[in-house]
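In what follows, a single structure is set out as structure tokens and then discussed.
The values are calculated or read from the model by the stated rules, or taken from the named source; none is laboratory data. No experiment lies behind these values; they were computed from the predicted model shown. Please note: Cβ atoms are built from the backbone with ideal geometry, for glycine as well, and neighbour counts cover all protein chains shown.
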Amino acid sequence: MANICQRCHARPATVHLTDIVNKKKRELHLCEECAREQQLIPEGPGTSLNLQALVSLIMGQPTPEVDPGALICPTCGLQYAVFRAEGRFGCPDDYDAFRSVLEPLLERIHRGTQHTGKFPRHEARRQKLLAETEALRGELAAAVAAERYEEAARLRDRIRQKEGADES
């Protein structure tokens, strides 16, 4: 016997979801149309799951209904549809205006929404040297406060050595 869609109770279920929480198995059977309405599979050719909508549905949370066509940047007036067609933003505020649509896209493409980035190796060495110098300055201040003047002189010399390396 074919499963019937648990949402509309009319069409045969072609999308089958299984969830296991606390060793309890839950199954959800939907027809393709209901799965598209829940945004579990995209419109158009090819099928892939919208995991964010899937998790929301399984957890019983409502899926946020965002109409991308209604999104307009208040600063430059760019409509989301125009951005999709041209592939270019009109101003930096577009990131905030289209955040609700861009974040899931960026999460899917980059596996995150926080830019970690890279910087040149020489910059990494310089940042490390600055951090070490600051730590030594803290140790120097503590040594002077504790009247450990020999240690303070040694730390002062190390700071000068590091500052000399930073200039070269």
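Quick notes
- Within the span defined as region 96-119, one or more residues are among the aromatic types (F, W, Y) and closer than 30 Å to Q79 by Cβ.
- R125 being loosely packed, with under 13 Cβ neighbours inside 10 Å, assigned by TED's automatic domain parsing to the domain that holds E150 and more than 24 Å from the chain's Cα centre (by Cα): yes
- Selection status of E107, at pLDDT below 85 and either within 21 Å of the chain's Cα centre (by Cα) or closer than 30 Å to Q38 by Cβ (or both): yes
- Hits in region 69-79 (condition: at pLDDT 85 or above and within 23 Å of the chain's Cα centre (by Cα)): I72, C73
- Assessment of region 79-90 against the conditions (more than 30 Å from L40 (Cβ to Cβ) and not β-branched (V, I, T)) yields at least one matching residue.
- Looking across region 132-154, the residues that are small (G, A, S) and farther than 23 Å from A165 by Cα come down to A142, A143, A145, A146.
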